[in-house]
Structure formats: C-alpha cells, structure tokens
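Visitor: Below is a structure I'd like to ask you about.
A short reminder: the numbers here are calculations on the coordinates, not readings from a lab. Owing to the predicted nature of the structure, the values given are computational and were not obtained by experimental measurement. Reconstructed Cβ throughout: ideal geometry from the backbone, glycine too, with neighbour counts over all protein chains shown.
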Amino acid sequence: MPPFLKERKNVIVLGVLVFAHLVLISVQVPLGAERTLFDKAVFAFFAPVQRAAAGIAASVSGSWKGFFGLRGVRAENQKLLKEIFFARQENFFLRERLRFLQGEAKIRENLAVLRKTFVAARVIGLDASDPFKSLVINRGAADGVRANMAVCDRSGNLVGRVVEPVAFREATVQLITDPEAGVSVVSGTDRIVGVLAGDAGGGCRLRYVMSTTPGGQEGEALLTTGFDRLFPPGIRVGRIDSVVTDASLFKTIRVAPFFRFNDLDQVAVITERFEELF
Amino acid sequence: MRDILKDILEAAAAVLAAFLLYSLAGRAYPPLVLVFNAFSLVVIVFSVWKGELFGAVLGTACGLLQDSFSLGVFGVAGLSKTLLGYLAGYVSRKMQIGPSFRNFVFIFVCAAGELAVWTLLYALVFSRKMASGSALVLFQPLVTAALGSALLGLARRLEAAKP
C-alpha cells in the first residue's frame, strides 16, 4: 500500500462508509415505503434473536411470578371458583339470549369465521429508535401474516397494521401512534370523518377535520370507517381528548388511543386483508 | 491476526448484548428505549478502546441494526453512528479522557452530537422536526454518559487488577 494511503487509511475508510450510507439512503427514495433487501436480511437475521430474548424474559418473569404467586393461591382459587360459577351462569344466560336473537347455525358460522380470521401473536420487541412507531411480533409469513393486515389488542382495539419487513416467523407492525400512519376514522356520536395519525408522543391527532365542521366532543369514541381499504370498518380506535377550533383551516383534535402500551404483550392479527373481507 | 479476530468477536458479543438489552428494556418499559441507546453506548466504548477505524465500522454495524428494527429510512442511524464511532475514537486519542468526570463529559458530548446528527438527518430526509415528540429522548445523552463512564471505569479497574 502506498505510504500516503496508509497514512490516510482511517479517513478513507470513513469516507467510504459515509458514501455507502448516502448511497443506501438515496436508493430508498424511489422505493418509497418498500424496504431494501439488505434491510430485510438484517431484520430476518436478528429477529429470531429478539424472539429468543423475549421468550427467555417471559419464562423468567413467569417463573418468578409463579413462585411468588403460589403464596395465597388457595384463597385466590376459592375466589376464582366463585367467579367461574357466576361467569358460567352469565354465559348460559347470554347464550340463550343469543340463540333467541340468531339461529344457532348462524352463530357457529360466525365463530368459525372469527377463529379463522385471527392469529394471536406475542410482542417481542419495540422500535429501536422510537417505541411509539412500531413493534415486532412473533408471527410472520409462515403463519399467514402479510403486509397491510390490521392488528388489534386483546380487547379488539386497533393497534396498527403489518408493514414490511415480514420475516418467516416475525413481522413488523406500524402503530397508529406513528406520525407516518394514517387510519380513516369516524366519531361514534357526531359522525365526524377524518384521518388519524400519531403525534409521536404516544397519542394521536385527528387530521383534516374542517374548522367549520360541527360536532366533535371530548370523550367521543372513534371507529375505523374502512374508507382507507386497509382496516375493516367498526374497529375501536380511540377517544377524543380535546378539540381546539381556532383561525386555522382544520380543527386540532387530540385523540387518546384505546390500546395501552403496557398491555401490549399479546395482539391479534386479522389475517384476512381488507379486499378479502369485502 | 489473532488480536483482530479477538477484537471482532468482542465487538460482536457487545453488539449482541446491546441488542438484547434494547429488546428487554422495550419489553419491560417502552419509554426506556428512548431514555438510553444501548447501541451508541457500545460504539462509544469500543471507539475509545480500539480507535476510530474500529469505531466507524462498529458504528455502521450498530446503526444499521438499529435502522432495521425501526420504521423510517434505512441508513440514517447507520450514518450518525459511523460518524459517532470515528469522532469518539479520534478525539479520545487526542485528549486525556481518563478521569471519571472528563469521561462522563466526553461521552455526554458524543451522545448529544450523535442525537443532533440523527435529528438533522431525519429532518433532512422527512422534512419535519424530530421523530419523537417525547421529551424523554433529551435524557438519552445524559443516561448514555452515566452508563458509559461507569462501564469504562469498571473496565479500567478490571484492567488494573490484572497481575
């Protein structure tokens, strides 16, 4: 190696690395939201590591809780038995009521559709730069998970949608709290339609609601409309926190999502995409 | 050759540890991901130990790994961490950063610089201000500096204790 190159080896390597990064960033401009093959490969390689870490953490936490949970388990057992008794009674009553409202065949059909439509997934990681943007789940292409599938929490509230990269056993979910997200929603009472996007701080904003549009009250629930052809209509999204109408063209509407970050250990992926549902 | 291989293995283990730390921190309490950046910590510590060249290459690896687990443009964190690794290694060779307080200030400045570069790149690419609206991200340099200086201090003590 010539001496002048040897002397400047470090600067040359830095220059090459910076140039490579600039090329990498530029290459993505025509791709848009699509991820590069390199990005997908890194994700596919490291996602199983994250999955293993999440698994170990869950089992350690489970054992810890199980050990301490044994204390007072008898009293809890008695309490649960009592609750089960009342729950069974209530379940029986509700079943009878449902049978009365719908034919049994119809119920079976509905349940079969639901069972087929959802895939339960465990959250194994959060976005490395901003936890309010995305998360990683332990279901991937092998489980029938594909991009643009809606994701709900355990209570059926909208969490986000599956985006690329989708690995064999893991997938990325863009949260509705991401400023780049967009969900077409309608308010439950006043029927205000707008686009919900994240505010980058764990909350959301309802955008493009004209200042002249009447209605919109604090506490009003928001549901998906299905107009975006991504999310099935009728999924609970969030509640209006505050509405500010000023001189600007659009109202400033802050929305608190229904899903809670601390309860996001398990989610449900609606494995049939919008076009397949309708 | 053997030393290089040893350095690479050590760095790989550190990257893996940072990745596991980030995964577990996110699971335990999501805002922790904002409060400290395990990847930056690894890049700074290894840059001080092994020099700017090693720091730049490790910065690339850590940054791209962070990018692949984050929505956004792939390469933004890669570029900011490459610069971080190089500058941390270079400055630590030129300056005496041995004492604990100096160490802390040095890592704080490095982490703050990296955050500023990342924010600037993000603003350039997306034509909007910082990705996170959470003020917690502003604590990132402070926590990274505290953890980094503690780690370097521990390493120095272990080194001194060797016969």
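Visitor: Of the trypsin sites (Lys or Arg not before Pro) in segment A:167-210, which ones lie in a loop per DSSP and count no more than 12 other C-beta atoms within 10 Å?
Guide: Within segment A:167-210, the qualifying trypsin sites (Lys or Arg not before Pro) (loop, at most 12 other Cβ atoms within 10 Å) are A:Arg191.
Visitor: For chain A, list the DSSP H helices whose alpha carbon atoms reach 30 Å or more along the long axis and whose average Kyte-Doolittle value is -1.0 or above?
Guide: Passing helices, by number: A:9-31, A:37-69, A:73-101.
Visitor: Relative contact order for segment A:183-260: what percent, with Cα pairs under 8 Å and sequence separation of 6 or more?
Guide: Across segment A:183-260, relative contact order equals 30 percent.
Visitor: Under 1.5 on a/c is rounded, so check that first for chain A, then, if it is not, pick prolate when a/b is larger than b/c and oblate when it is not; a ≥ b ≥ c are the square roots of the alpha carbon gyration tensor eigenvalues.
Guide: Cα axes put chain A in the oblate bin.
Visitor: Moving on to the next point. Go ahead and set up a Gaussian network model of chain B, Cα springs under 10 Å, then flag whichever of B:Ser40, B:Ser70, B:Ser92 fluctuates most.
Guide: Of the options given, B:Ser70 has the highest mean-square fluctuation.
Visitor: Sticking with this structure for a sec: Could you sort B:71-80, A:138-147 so that the peptide with the highest average Cβ count within 10 Å comes first and the rest follow in order?
Guide: Ranked from most to least packed, the peptides come out as B:71-80, A:138-147.
Visitor: What 222 nm value per residue comes from the helices of chain B, counting each DSSP H run with n ≥ 4 as -39,500 (n - 2.57) and dividing by all residues, nearest 500 deg cm²/dmol?
Guide: -27000 deg cm²/dmol
Visitor: Which residues' amide hydrogens lie under 5 Å from the amide hydrogen of A:Gly238, considering only partners 5 or more residues apart or on another chain, with H built in the peptide plane?
Guide: So A:Gly238 has HN proximity to A:Leu222, A:Phe258.
Visitor: Which entries of A:Lys6/B:Lys81; A:Lys9/A:Lys40; A:Lys40/B:Lys81 show an alpha-carbon separation above 26 angstrom in the structure shown?
Guide: With Cα atoms farther than 26 Å apart: A:Lys9/A:Lys40.
Visitor: State whether chain B is rounded, prolate or oblate according to the following rule on the C-alpha gyration tensor (a ≥ b ≥ c being the square roots of its eigenvalues): a/c under 1.5 gives rounded; otherwise a/b larger than b/c gives prolate, and the remaining case gives oblate.
Guide: Prolate.
Visitor: For segment A:183-260, what does the convex hull of the Cα positions come to per residue, in cubic angstrom?
Guide: Roughly 85 Å³ of hull volume per residue.
Visitor: At q = 0.15, 0.17, 0.23, 0.31 Å⁻¹, work out log10 I(q)/I(0) for segment A:214-255 with the Debye formula, treating every Cα as an identical point scatterer and leaving solvent out; two decimals please.
Guide: These q points yield log10 I(q)/I(0) values of -0.45, -0.55, -0.83, -0.99.
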